[in-house]
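Engineer: Could you have a look at this structure, given as structure tokens, before my questions?
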Amino acid sequence: MSVIEIPKPDPRILARRDAIIAGLAALLPPTSLITEEDERRAYETDALTAYRRVPLAVVLPETTEQVSKVLTFLNQEGVKVVARGAGTSLAGGAIPSEDAVVLGVSKMNRILDVDTVNRTIRVEAGVTNLGVTAAVSHLGFFYAPDPSSQLACTIAGNIAMNSGGAHCLKYGVTTNNVLGVKIVLIDGTIVEIGGAHLDSGGLDLLGLVVGSEGQFGVVTEATLRILPMAEGARPMLMGFQSAEDAGACVAAIIASGIIPVAIEYMDKPAIKVCEAFAHAGYPLDVEALLIIEVEGSEAEIEDLIGRITKIAADYNPSGLRISQSEAESAAIWKGRKSAFGAMGRLADYICMDGTIPTGQLSAVLTGIARICDGYGLRVSNIFHAGDGNLHPLVLFNANDPAEQEKAERCGEDILKLCVDLGGCLTGEHGVGIEKRDLMTYQFNTIDLDQQMRVKSALDPQWLLNPHKVFPLAGRPV
Amino acid sequence: MPMTSILLPDTEAEIEAIVHEAAQSRSGLAIHGGGTRAIGGHVHVDRTLSLQQMSGITLYEPSELVISARAGTPMAEIEATLAVNRQRLPFEPIDYRRLLGGHGTPTIGGVTASNSSGPRRIQAGAARDSLIGIRATTGRGETIKSGGRVMKNVTGYDFVKLMAGSWGTLGILTEVTYKLLPEVETETTLLFSGLSAERAVAAMTEALATPFEITGAAHLPAVDGAPSRTLLRLEGFAASVAYRIGRLEAVLRPFGAFEEIGLEASRVLWKAIRDVEALEAPRDAVIWRISVRPSDGPAIGAKLEASLGARLLYDWAGGLIWASVPADGDGGAAIVRGAVAAAGGHALLVRGSSALRAAVPVFQPEAAPVAAMARRIRETFDPAGILNPGRM
Ligand SMILES: Cc1cc2nc3c(=O)[nH]c(=O)nc-3n(C[C@H](O)[C@H](O)[C@H](O)COP(=O)(O)OP(=O)(O)OC[C@H]3O[C@@H](n4cnc5c(N)ncnc54)[C@H](O)[C@@H]3O)c2cc1C
């Protein structure tokens, strides 16, 4: 039995399906409307695959104006809308309901303007994360936030979830790298927020839109900051005999005044799986592995690696290895970035995303092990150690409904532990449907009511991605 | 003008009670941190709520690079505490006392509510980018929280960003949490003399397109026969700074030779730029703060010089123009606003008489859809419109 409820579809909407589709057909080119069931099925879930609902229809507009027309129409008809990028959300953020129209931005994937003088790029929201970097890499620039899913995921999804990645320790997450958006509100109004300049004055609507999980409108364009690429970058590997040692080493590095570009952590089960997949040369005889990357010129890199090695010496490291070539660096990162995929070949898993104060690393790892033991489930930890953003993967067998429920309960307990230790439910994946019902654990009624008031102010009928973020009980009626 | 009474609550509960009462009676409250940022539209109310008593650092974990403080905590206290552990707030907030001639004590809450930043904004972001948690009492008299004390947090809507730069009009900040950076080992400033604004912006944008992590890029036009100065700041480990200077020398050769300014003098220089000391006098001049694309900076600057006799300071590689304009007529509003609107950007009237601030909008007028969206959001936080009414 699944734990997370997706509300039953509204029969009045289902009954009007033909009329709604006819209305959409009048607004869009035929290639932008999907109505056949087998084609709609491709949009029934995202990366939280245990939950699926085939949507009423799927629209793939080509322009902001089409998005505006579609939303105006659906708002009049009282039909729910779920915006969708690439469908890689791990929180179920893009999962529709049977009475909802999925609005995909995949056809809006043009690069609109590259400006290296002002270090900005303007793109349509369906451009992939890696597509942004690809558009500027020949000019020596890159787009900094780098979710592991960057080959597939879109800027639209990144903005909705305020996505992060391994290199955000130095460069910040999506919200720190977006300068402007074009967003269409549910009533069809097109709003341009921010621009290529840094300060906009007025309320920081941009900051509010980023991370709003598709509940305020459909983002169709974005102006992003691009950065000059570092002269060079080099990862190093460091093994430890205990999580405590690894955690203490991370704290000591940061306290020393060095902010590496990335500090990633993997535990023993993860190391084994990722090594088998990527042949990156990860040490197999350690309990914990850190991948630490530094940037700069050759001399700067050597200097930083020297400093880090010296700090680490106090924490009994083993298997210290510094990448010697581009190919080796690529293999090291391939192992890390394909960790989720590689784990997925072994077992089904749910990927948690809590964040904790970095001083609590070893406490949280001990707690996670105890919780998973209690449920008789295996767990593997892969995460962004530098900023305390954990990704415990709770392994289970999806063909066993009882085990799936157990895994979800186990995940809930882990997230509650993160909150208890001074952290939060989600550091970069978003709330979606997955953590919706845990929101009351982190926030009280006053907090949640104020958030929902803003939702109601911008989307009075709660048509935009309504089943997400807030518990189903306690919503305004 | 009636005497204003000052309310000095010590706790969130007291703030809630004051706001409740004010909302019931629909009587506005002016919100003061340390009273140094008297920017924005004139707030016509007869009661001021000061956060002076809501002071003190509530959490500081140097090894986690995080600090929390009650909103009325003086910036000086925060900076002194961080200095002990060789840490700092990344965004280098301006101290407005020079420019505004204020005597108050800048507070962390005021810095947050105004989303302040300084020259390092180009590399480290503004206050909003380092702010990770807030507590605030809304115009409903309810205290909400958003974010927390962890470095990454996407749980619920990002009211942390929304509160930064809301100038006390959505809620009264009671506590804020920031992430920190280690203090750098050293800094050096490269000084180019005699460049035109256009050449200066070309040099600065060229430097920012290198991987050498410039943390300050400012241009001070020529005054009184002294040549213009164009400044680029490098910070980090000494060896790295030295190396980067060498590399920049090659890249920036077309702009002529530069002088190197060492640690101490460089610190003094950037503090002066941060606080816009060059435009402090004459005191009766109107001050505008204009944010545009760097490449649009010189043309807009030239226009303000030609049409208004403006004196300028360019920061953020040309993307931030501080303009001092004679206090005649509309204080240059029509020309400033027109130039900014044409290029895309934002002009804030930072200094001007009450009469001027009543006559021209202090913030760049927003496009109708943006203004409508902001209004809908604002109504949910402060339905009675009692928090700093008229400020934004
Ligand atoms: C293997 C794997 C690795 C991952 N690694 C990371 C990681 O390192 N860091 C990280 O942060 N995340 C990671 N993720 C999660 C996911 O990739 C991100 O959340 C990503 O931003 C989602 O982008 P998407 O285009 O797939 O969006 P979707 O999944 O399609 O949608 C995500 C959310 O965005 C909303 N949305 C989509 N388009 C719009 C729009 N135009 N306007 C408004 N709202 C919209 C949707 O309604 C939904 O709520 C990973 C996922 C996978 C499967």
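Engineer: Looking only at the range A:403-428, how many residues end up being more than 8 Å from chain B (Cβ to nearest Cβ) and either within 16 Å of the ligand (Cβ to nearest atom) or outside any loop (DSSP other than H, G, I, E, B) (or both)?
Structural biologist: Here the count works out to 18.
Engineer: With the requirement that a residue be closer than 23 Å to A:CYS418 by Cβ, surrounded by fewer than 18 Cβ atoms within 10 Å (Cβ to Cβ) and facing chain B (nearest Cβ under 8 Å), what does the range A:429-477 give you?
Structural biologist: A:ILE446
Engineer: Of everything in the range A:177-194 that's under 30 Å from A:GLU77 (Cα atoms), among the hydrophobic types (A, V, I, L, M, F, W, C) and more than 8 Å from the ligand (Cβ to nearest atom), which residue is nearest to the other protein chains (Cβ to nearest Cβ)?
Structural biologist: So the residue we want is A:VAL191.
Engineer: Now a separate question. Among the residues of the range A:363-402, write down those that are under 22 Å from the mean Cα position of the chain (by Cα), within 14 Å of chain B (Cβ to nearest Cβ) and outside any strand (DSSP E or B).
Structural biologist: A:VAL364, A:ALA385, A:GLY386, A:ASP387, A:GLY388, A:LEU390, A:HIS391
Engineer: Now for a different question. Any chance the range A:157-175 includes a residue that's touching a residue at least 40 places away in the same chain (Cβ under 8 Å), assigned to a helix (DSSP H, G or I) and surrounded by fewer than 21 Cβ atoms within 10 Å (Cβ to Cβ)?
Structural biologist: Scanning the range A:157-175, I find at least one residue that is touching a residue at least 40 places away in the same chain (Cβ under 8 Å), assigned to a helix (DSSP H, G or I) and surrounded by fewer than 21 Cβ atoms within 10 Å (Cβ to Cβ), so the answer is yes.
Engineer: Shifting gears a bit: Looking only at the range A:330-362, count every residue that is closer than 15 Å to A:ASP267 by Cβ, of a type in the set (Phe, Trp, Tyr) and in a helix (DSSP H, G or I) and tell me the total.
Structural biologist: Residues meeting the conditions: 1.
Engineer: Let me ask something else about it. Could you tell me whether any residue of the range A:207-221 is among the hydroxyl-bearing types (Ser, Thr, Tyr) and either within 20 Å of A:GLU328 (Cβ to Cβ) or surrounded by 24 or more Cβ atoms within 10 Å (Cβ to Cβ) (or both)?
Structural biologist: Looking for residues that are among the hydroxyl-bearing types (Ser, Thr, Tyr) and either within 20 Å of A:GLU328 (Cβ to Cβ) or surrounded by 24 or more Cβ atoms within 10 Å (Cβ to Cβ) (or both), one finds at least one in the range A:207-221, hence yes.
Rundown of residues vs (1) more than 12 Å from every other protein chain (Cβ to nearest Cβ); (2) out of contact with any Pro (no Cβ under 7 Å at 6 or more places or on another chain); (3) more than 30 Å from B:PRO182 (Cα to Cα); (4) outside any loop (DSSP other than H, G, I, E, B), yes/no style:
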| residue | (1), (2), (3), (4) |
| --- | --- |
| A:TYR265 | yes, yes, no, yes |
| A:LYS272 | yes, yes, yes, yes |
| A:PHE277 | yes, yes, yes, yes |
| A:GLY281 | yes, yes, yes, no |
| A:VAL286 | yes, yes, yes, no |
| A:LEU289 | yes, no, no, yes |
| A:ILE292 | yes, no, no, yes |
| A:ALA299 | no, yes, no, yes |
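Engineer: Let me ask another. Kindly establish whether B:GLY329 is surrounded by 24 or more Cβ atoms within 10 Å (Cβ to Cβ) and either free of Cβ contacts under 8 Å to residues at least 40 places away in the same chain or within 14 Å of another protein chain (Cβ to nearest Cβ) (or both).
Structural biologist: No, not satisfied.
Engineer: Quick one: A:ALA331 ticks every box in (1) away from the ligand (no atom under 14 Å from the Cβ); (2) within 14 Å of chain B (Cβ to nearest Cβ); (3) in contact with a Ser or Thr (Cβ under 9 Å, 6 or more places away or on another chain) bar one, so which box is it?
Structural biologist: (2)
Engineer: Continuing with this model, one more query. How many residues are within 14 Å of chain A (Cβ to nearest Cβ) and either of a type in the set (Val, Ile, Thr) or under 30 Å from B:PRO326 (Cα atoms) (or both) when one looks only at the range B:238-272?
Structural biologist: 3
Engineer: Sticking with this structure for a sec: For a quick check of your reading: which strands (runs of 3 or more DSSP E) sit entirely within the range A:178-260 and have at least 2 residues that are in the same structural domain as A:SER323 (by TED's automatic domain parsing)?
Structural biologist: A:233-240
Engineer: In the set B:LEU99, B:LEU131, B:LEU59, which member is touching a strand residue (DSSP E or B) at 6+ places or on another chain (Cβ under 7 Å) and within 23 Å of B:LEU170 (Cα to Cα)?
Structural biologist: Result: B:LEU131 is the single residue among B:LEU99, B:LEU131, B:LEU59 that is touching a strand residue (DSSP E or B) at 6+ places or on another chain (Cβ under 7 Å) and within 23 Å of B:LEU170 (Cα to Cα).
Engineer: Return yes or no: is A:ILE308 part of a helix (DSSP H, G or I) and away from the ligand (no atom under 16 Å from the Cβ)?
Structural biologist: Yes: the conditions hold for A:ILE308.
Engineer: Continuing with the same structure: So which of A:THR174, A:THR220 ends up being more than 7 Å from chain B (Cβ to nearest Cβ), within 15 Å of the ligand (Cβ to nearest atom), within 15 Å of the chain's Cα centre (by Cα) and at negative phi?
Structural biologist: None of the others qualify; the one that does is A:THR174.
Engineer: Could I ask something else about it? If I go through the range A:222-249 residue by residue, how many of them are crowded, with 24+ Cβ neighbours inside 10 Å and at pLDDT below 95?
Structural biologist: 3
Engineer: Given the options A:LEU139, A:LEU130, name the one that is at the interface with chain B (Cβ under 10 Å from one of its Cβ atoms) and surrounded by fewer than 24 Cβ atoms within 10 Å (Cβ to Cβ). Reasoning before the result, please.
Structural biologist: On the way: A:LEU130 fails: at the interface with chain B (Cβ under 10 Å from one of its Cβ atoms).
Within the list A:LEU139, A:LEU130, the selection yields A:LEU139.
Engineer: Another question about this same structure. Residues that are more than 22 Å from the chain's Cα centre (by Cα), surrounded by fewer than 21 Cβ atoms within 10 Å (Cβ to Cβ) and part of a loop (DSSP other than H, G, I, E, B): does the range B:70-84 have at least one?
Structural biologist: The answer is no, given that none of the residues of the range B:70-84 is more than 22 Å from the chain's Cα centre (by Cα), surrounded by fewer than 21 Cβ atoms within 10 Å (Cβ to Cβ) and part of a loop (DSSP other than H, G, I, E, B).
Engineer: Moving to a separate point now. Can you spot a residue in the range B:273-280 that is more than 16 Å from B:ILE321 (Cβ to Cβ), of a type in the set (Lys, Arg) and either crowded, with 18+ Cβ neighbours inside 10 Å or in the same structural domain as B:GLU206 (by TED's automatic domain parsing) (or both)?
Structural biologist: There is no residue in the range B:273-280 that is more than 16 Å from B:ILE321 (Cβ to Cβ), of a type in the set (Lys, Arg) and either crowded, with 18+ Cβ neighbours inside 10 Å or in the same structural domain as B:GLU206 (by TED's automatic domain parsing) (or both).
Engineer: Continuing with the same structure: (1) within 23 Å of A:GLY430 (Cα to Cα); (2) more than 20 Å from the chain's Cα centre (by Cα): which one isn't true of A:CYS153, the others all being true?
Structural biologist: (2)
Engineer: Working carefully through the options A:ILE292, A:ILE368, A:ILE356, A:ILE322, find the one that is touching a helix residue (DSSP H, G or I) at 6+ places or on another chain (Cβ under 8 Å), touching a residue at least 40 places away in the same chain (Cβ under 8 Å) and within 22 Å of A:GLU403 (Cα to Cα).
Structural biologist: From the options A:ILE292, A:ILE368, A:ILE356, A:ILE322, the qualifying one is A:ILE368.
Engineer: Please indicate, with yes or no, whether at least one residue in the range A:464-472 is away from the ligand (no atom under 16 Å from the Cβ) and among the charged types (D, E, K, R). Can you show your working first?
Structural biologist: The initial filter retains those residues of the range A:464-472 that are away from the ligand (no atom under 16 Å from the Cβ), namely A:471-472.
Going one step further and asking which of them are among the charged types (D, E, K, R), we end up with none.
No: zero hits.
Engineer: With respect to A:GLU287, determine if the residue is acidic (Asp, Glu) and touching a strand residue (DSSP E or B) at 6+ places or on another chain (Cβ under 7 Å).
Structural biologist: Values: acidic (Asp, Glu): yes; touching a strand residue (DSSP E or B) at 6+ places or on another chain (Cβ under 7 Å): yes.
So A:GLU287 fits the description; yes.
Engineer: Same structure again: Restricting to the range A:283-302, give me the number of residues that are closer than 18 Å to A:SER329 by Cβ, among the acidic types (Asp, Glu) and more than 28 Å from the chain's Cα centre (by Cα).
Structural biologist: Residues meeting the conditions: 3.
Engineer: Does the range A:121-150 hold any residues that are in a strand (DSSP E or B) and hydroxyl-bearing (Ser, Thr, Tyr), and which are they?
Structural biologist: A:THR128
Engineer: Run A:HIS197 past the list (1) surrounded by 24 or more Cβ atoms within 10 Å (Cβ to Cβ); (2) within 7 Å of chain B (Cβ to nearest Cβ); (3) in contact (Cβ under 8 Å) with a residue 24 or more places away in the chain and report the number of the one that doesn't hold.
Structural biologist: Condition not satisfied by A:HIS197: (3).
Engineer: Among the numbered criteria (1) more than 16 Å from the ligand (Cβ to nearest atom); (2) under 21 Å from the mean Cα position of the chain (by Cα), which single criterion is violated by A:GLU213?
Structural biologist: (1)
Engineer: Turning to a different aspect of this structure: May I ask you to list the residues in the range B:247-262 that are surrounded by 16 or more Cβ atoms within 10 Å (Cβ to Cβ) and under 12 Å from B:THR189 (Cβ atoms)?
Structural biologist: Selection gives B:LEU248, B:PHE258, B:ILE261.
The values are calculated or read from the model by the stated rules, or taken from the named source; none is laboratory data. These numbers come from a predicted model, not from an experiment. All Cβ positions, even for glycine, are placed from backbone atoms using ideal geometry, and neighbour counts span all protein chains on display.
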